[in-house]
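Heads up, the thing below is written out as structure tokens.
All of the numbers you see were taken from the coordinates with simple rules; none came from a lab. Note that this is a predicted model, so its numbers are computed, not measured. Cβ placement follows ideal geometry from the backbone for every residue including glycine, while neighbour counts extend to all protein chains displayed.
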Amino acid sequence: MANVRVAVNGFGVIGKRVADAVRKQDDMELLGVVKQHPDYSAKTAALKGCRIFVPDEASRANFAKAGVPCAGVAEDLFKAADVIVDCTPGKVGATYKPIYQKLGKKAIFQGGEKKDVAEVSFTAQCNYDKARGKQFIRVVSCNTTGLSRTLNAVNQAFGIAESFVVLMRRAADPNDIKTGPINAIVPELTVPSHQGPDVQTVLPDLKITTVAFKMNTTLMHVHSVRARLNRPATKEEVLKVFQNTPRVKLISGADGLLSTAQIMDYGRDTASLRGGRDDLMKILVWADSVTVKGDELIFFMAIHNEANVVPENIDAIRAAMDACDAKTSMAKTDKALKIGEGEFPATILVGEKGKEAAASY
């Protein structure tokens, strides 16, 4: 089978990472990326050897003036592609959908779009099969992806009668000067916050309520999760579930990972082991926080919002093309992106005597 020809529409926080990820797959070819402005990220794309396309003919002059090579207009790129990964800002992707439909192309949208932009909302380990062969797939947001990965694993192991999640959200991406930093904590005043219903687009039977607060940080999101299980469990059982869940990693405060700042410092220190970018694509669960009392489970997790949906986009491409099954796709993606490399076992305190145990995979 010939390599899947991929176009990336948008080259921001997610788009540039998806483009890099596509280039690392042995069954995909990056045809080019669409950039709206000839800024530093466009020049970076050119340095990396990406072919750059512009939204329309009027943009060509701006790129030429800035000395950024332009290979053509976006529709030229779309026509040549098998799959278009739309990484444009939220709600912009929906405006491109009629173009993709007119050209008869498959497209992957991001979580900033409404669920009805696509035939299925997607998290690879939860509902890959439902996306196989679909024309339009929506990869859910970073928060929804994190909740889907972890709660799906818990639900499969123990069943979840109900769950309640408090999300502490970063105010902006690190490069965003428009919405942060802020000197405030901003509650999302609607209960449930939008993340809970979004999780149910992936896991429709999961009972979940979410509340969210925007915090004055740009590093990561943190979730406090409480779940009432269908049967009593032990901390050791829950740790084993997380230990064996793809794209979830146990971390420990005993290793000095006490905050999102230290987690991101760890990411920077180990970046060279994963190909040079300090992205943490797994959901990081503090093993220390895992608390089980009968059928009640509580845990905290950290989400690197710039990165965790990137492997989902790669798997969504294969699902759209019906190229292989979920296990095969996830394994190929994780190997190509070196997900999990540069890790060390988390030091976990287990039992009253503080017995140390290592948990990693």
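Figures for the structure shown
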| read-out | value |
| --- | --- |
| Exposure rule at most 16 other beta-carbon atoms within 10 Å, DSSP loop GluC sites (Glu not before Pro): the chain longest free segment | 189-340 |
| Difference of contour (0.36 nm per residue) and Cα-Cα distance, N175 to I298 | 41.0 nm |
| Translational diffusion coefficient (Stokes-Einstein; Kirkwood radius from C-alpha pairs) of the stretch 112-256 at 10 °C, 1.306 mPa s, in µm²/s | 96 |
| Residues L273 and V191, FRET efficiency given R0 of 41 Å [Cβ-Cβ distance, rounded to 0.05] | 0.50 |
| Vicinal HN-Hα couplings computed from phi for the stretch 289-296 (Karplus, 6.51 cos²θ - 1.76 cosθ + 1.60; Hz; Gly/Pro x) | 7, 5, 10, 10, 10, x, 9, 9 |
| Two-site label geometry, I99 and D116: point separation in nm, points 7 Å out along Cα→Cβ | 2.3 |
| Across K130/K282; K105/K335; K178/K332, pairs whose alpha-carbon gap is larger than 26 Å | K105/K335; K178/K332 |
| Separation between Cα centres of the stretch 92-140 and the stretch 178-206, rounded to whole Å | 21 |
| Förster radius 41 Å - calculated FRET efficiency between T234 and F213 (Cβ-Cβ, nearest 0.05) | 0.85 |
| R23-A261 pseudo-label distance in nm [points 7 Å out on the Cα-to-Cβ vector] | 3.3 |
| Around P69: net Lys/Arg minus Asp/Glu count, Cβ-Cβ under 15 Å | +4 |
| Charge tally in the Cβ shell below 12 Å around P89, where Lys, Arg are +1 and Asp, Glu are -1, P89 excluded | -2 |
| Segments 13-19, 213-219 sorted - mean Cβ within 10 Å per residue, highest first | 13-19, 213-219 |
| Tensor-based shape of the stretch 265-330 (alpha-carbon gyration tensor, a/c under 1.5 rounded, otherwise prolate or oblate) | oblate |
| Global form of the stretch 215-302, assessed from the alpha-carbon gyration tensor, a/c cut-off 1.5 | prolate |
| Hz values of 3J(HN,Hα) by residue in the stretch 200-211 - Karplus curve (6.51, -1.76, 1.60), Gly and Pro given as x | 6, 6, 9, 10, x, 8, 7, 8, 8, 10, 10, 10 |
| Local electrostatic count at E57 - Lys and Arg +1, Asp and Glu -1, tallied over other residues with Cβ under 13 Å | -2 |
| Separation of alpha-carbon centers, the stretch 5-27 and the stretch 218-285, rounded to whole Å | 25 |
| Vicinal HN-Hα couplings computed from phi for the stretch 307-318 (Karplus, 6.51 cos²θ - 1.76 cosθ + 1.60; Hz; Gly/Pro x) | 10, 5, 8, 4, x, 5, 5, 5, 5, 5, 4, 5 |
